[in-house]
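Heads up: the structure comes next, in structure tokens.
The values are calculated or read from the model by the stated rules, or taken from the named source; none is laboratory data. Keep in mind it's a predicted model, so treat the numbers as computed, not measured. Ideal geometry is used to build each Cβ from the backbone, glycine not excepted, and the neighbour counts take in all protein chains shown. Areas reflect the complete protein model, heavy atoms only, side chains present, ligands, DNA and RNA absent. Shrake-Rupley method; radii C 1.70, N 1.55, O 1.52, S 1.80 Å.
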Amino acid sequence: MTKLYAFGSNGSGQLGIGNTEDTNSPTLCLGLPSDDSIVKVSGGGNHSAVLTKQGHIYLAGLSQYGEDHMKSLSQKTDQDNKDWLCYQRRFDSMKWKDIVCGWAFTIALSSTGRLYGIGTSRWNELAGHSTENLVEIDANLTDIISVASGWRHTVALDVHGQVYGWGWGRHGQLGPLDIPPTDKKDIRSVRKINMPQSIAQIACGHLHTLLRGQDGTVYAFGSNKYGQIGEVGDTHIISHHASWIDAGWHHSAILDNEGKLQLFGRNDRGQLGQTQSHPFSKIACGSEHTIAITKDTNQVMAWGWNEHGNCVSDKDFVSEPVFLNQFPKANIIGAGCATSWLGFANVRGISSINPVGNLKKSVNHYKSHSISCGTVMSITHSVSTLNNKPPVSSSILHSSSFSNHNYVQYRLYSMTSQTRLLTVGTGAVGAIYSWRLSKTCNVTAVCRSNYEIVKNDGFNIDSAKFGKDVFRPDQVTRTVSECVTSEPFDYILVTLKALPECYNVADIIAPAVTKDTTIVLIQNGLGVEEPITERFPDNPIISIVAYIGTSQTEPGKIKMVGKESLVVGKYLGAKRDSEKQRAEFIELLKKGDVDVQIVEDVEKVRWQKLFWNSAFSPVCAMTGMNTTELLENKEAMKAVKDVMGEVIDAAIANGYEFDHDEQMKNMISRTEATAKNYKPSMQLDKERCSPMEIEVILGTPLKRAKAKGLSVPHLELIHSICSAANAQIMNQQSKKSQL
């Protein structure tokens, strides 16, 4: 269970604590769920937003629907109609994976990678008109993975590392233009910000923007009035080897690969602090203050401007960091415009929270803008105008290693009972889907060749769709027997290669199967369900066809390219109905942002995938050609078409309706368009001298074709050739094991 506490400026109810009084006493936020962990907090001008692990958004404060709506709400005197003082769940039409609040607008990122906005858009902050209804922001923006907003500008990052920006660009915060703007205000529509490399993380300050490249180079644009973007030249590079970036109102933060945090920019109110020797695990820049958690003692520290109590002191300025000793277990921090948030993923044993001092401040409507660091530490900042120019200085805070400071959110575990998942065969596919399911499940992974690496360091995942992360399963074992306890598994996810010629999957998973276990198969080929239904006829079975490009480049390192999709449907050969379990598992997948397609009969999809796999895979494997080379070779393509045509005929003979010519045309055209220089897994297995999936891809369709009286000489020939090659590989492996 996660609990969230807030303190600081609260004149418009933006802290979500049920009143409009500023406070320097950390106060429990109201209206948030008790069974859904918080992953991000973002504060706006007079409102804030909370994003939960299950993809829900909660809003509090007057300006959550824009300035006009704020004015109408502030004029109401009905005390019973002030739900904006507490967090309220909003926008339930879809699931969300990021949220950012601006001056008087909010931008939400859906689980499908599209942006939606609501609120005031006088400077094109929403890439369109102001609105009190949630609307999509530029339908051309797709595959977005994170979003950040400054005072009047917004930037978004997509899965390819490309950055797009819109809104007010007068100070250069949206990057340089080849042609000077004709409008002095420089209000920009959505456009790409061209960078020399792919970007991994984005952050926005009041009038500046920071971008972190994949190699750690940090680029900066915008106002440098207070030195907040450092000494930059035409390349706009201010640092190399950074692992994380953040931007305050007029100050910036860069964590380098050596574990040192550099703060630079405005420091008239102590926002850069004094040199500290404490190692930090987390740090967040507020408008004019900074908050951090020490790594060695797990203490919360705060320093900077404190007029509204956001550093839990009774002083206006805190240049010497204050230790918040009443938060010994805090692991979520957020810093906004004179506002701060602290959260606990595990709230057991937390004593009552006592104020540090008495706050004697007047209540006001303190307006802010937002900045997102893309982690659970929401960074949001004020946009009030400051008149004097303070001296520019910098401060270095020494820190120990701080991993995963990228756009991937931290995993937080609820204290409620979690679904127990056992993954058998945790290679590339198993690692990806176990990672996504870990958002809601307790995951045990059975690993073989990668056991030592995964046990010690977890999986290092680089996914074009989901981002970068280090995924550490809750338990890692070498065998199924090792992980069997008195507490049964709800699901067993099988992602082993389908090799009936080498082993029986049912025998492998048997030690962990109970009467209540649902068995999930994500495997290639046809007939993979049959050994399971024979051995466990009373257990629910979920059969899934995966379309995903992923590989384990070395033990524990997973690379995923492009998108992914899982096709889930009823397996008509099952002896027990699994509709309820199938629906529940689909929901778990969706909560992990997995793309799920639901079909009536999953075996039809398996046949359709075989049209490609049974033809291209074995021909590539036996000839050594990749798909591009194969497409250019007439003799090889004749073999592909001959085999594919017979497999399509076999599917039709087994009762499935397919247009023979259309299917063949589509399979070849898609290969030409999307699978250039591609090596199928069967080909890679042969090159590595590993057993190939021959029976489920060629043997089963061959048997079913003959059972219907079909003559399939080309399929029979390629099956014989591949079986001989497979036998040779297994014979070589057997000899090596005897040495």
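Considering only the stretch 115-171, state which residues are among the hydroxyl-bearing types (S, T, Y) and without any contact (Cβ under 8 Å) to a residue 60 or more places away in the chain.
Residues satisfying the conditions are Y116, T120, S121, T142, T154, Y164.
The set of residues in the stretch 30-54 being hydrophobic (A, V, I, L, M, F, W, C) and either open to solvent by 10 Å² or more (accessible area, probe 1.4 Å) or out of contact with any Cys (no Cβ under 8 Å at 6 or more places or on another chain) (or both) consists of L30, L32, I38, V39, V41, L51.
May I ask you to verify whether R448 is open to solvent by 20 Å² or more (accessible area, probe 1.4 Å), more than 29 Å from I283 (Cα to Cα) and either of a type in the set (A, V, I, L, M) or modelled with pLDDT under 95 (or both)? Answer is yes for this residue. Look at the stretch 84-108: where a residue is assigned to a loop (DSSP other than H, G, I, E, B) and a partner is acidic (D, E), sitting 6+ places away or on another chain with Cβ atoms under 6 Å, you get G102/E125; A104/E67. Output the residues belonging to the stretch 137-153 that are under 20 Å from the mean Cα position of the chain (by Cα) and outside any loop (DSSP other than H, G, I, E, B). The answer is I144, I145, S146, V147, A148, S149. Considering only residues in the stretch 415-426 that are open to solvent by 20 Å² or more (accessible area, probe 1.4 Å) and outside any strand (DSSP E or B), the one that is modelled with the lowest pLDDT turns out to be M415. Count of the stretch 639-676 residues, restricted to those that are in a helix (DSSP H, G or I), without any contact (Cβ under 8 Å) to a residue 60 or more places away in the chain and acidic (D, E), is 3.
Being modelled with pLDDT under 95, surrounded by 23 or more Cβ atoms within 10 Å (Cβ to Cβ) and hydrophobic (A, V, I, L, M, F, W, C) holds for only one residue in A108, A139, A104, and it is A104.
Quick one: which of G165, G161, G119 is within 22 Å of the chain's Cα centre (by Cα), at positive phi and open to solvent by less than 30 Å² (accessible area, probe 1.4 Å)?
Just one listed residue meets the conditions, G161.
Considering only the stretch 320-343, state which residues are outside any loop (DSSP other than H, G, I, E, B) and either open to solvent by 60 Å² or more (accessible area, probe 1.4 Å) or modelled with pLDDT under 80 (or both).
E320, F323
Within the stretch 545-560, is even one residue open to solvent by less than 10 Å² (accessible area, probe 1.4 Å), in a loop (DSSP other than H, G, I, E, B) and in contact (Cβ under 8 Å) with a residue 60 or more places away in the chain?
The answer is yes, given that some residue of the stretch 545-560 is open to solvent by less than 10 Å² (accessible area, probe 1.4 Å), in a loop (DSSP other than H, G, I, E, B) and in contact (Cβ under 8 Å) with a residue 60 or more places away in the chain.
Which of the residues that make up the stretch 613-638 are in contact (Cβ under 8 Å) with a residue 24 or more places away in the chain, within 15 Å of K686 (Cα to Cα) and open to solvent by 40 Å² or more (accessible area, probe 1.4 Å)? M622, G624, listed by residue number. The listed residues are V567, V520, and the only one of them that is under 21 Å from L422 (Cβ atoms) and not small (G, A, S) turns out to be V520.
If the condition is being free of Cβ contacts under 8 Å to residues at least 40 places away in the same chain and over 31 Å from the mean Cα position of the chain (by Cα), then the stretch 526-544 contributes P531, I532, E534, R535, F536, P537, D538, N539.
Restricting attention to the stretch 454-478, the residues being over 28 Å from A583 (Cβ atoms) and open to solvent by 60 Å² or more (accessible area, probe 1.4 Å) number 6.
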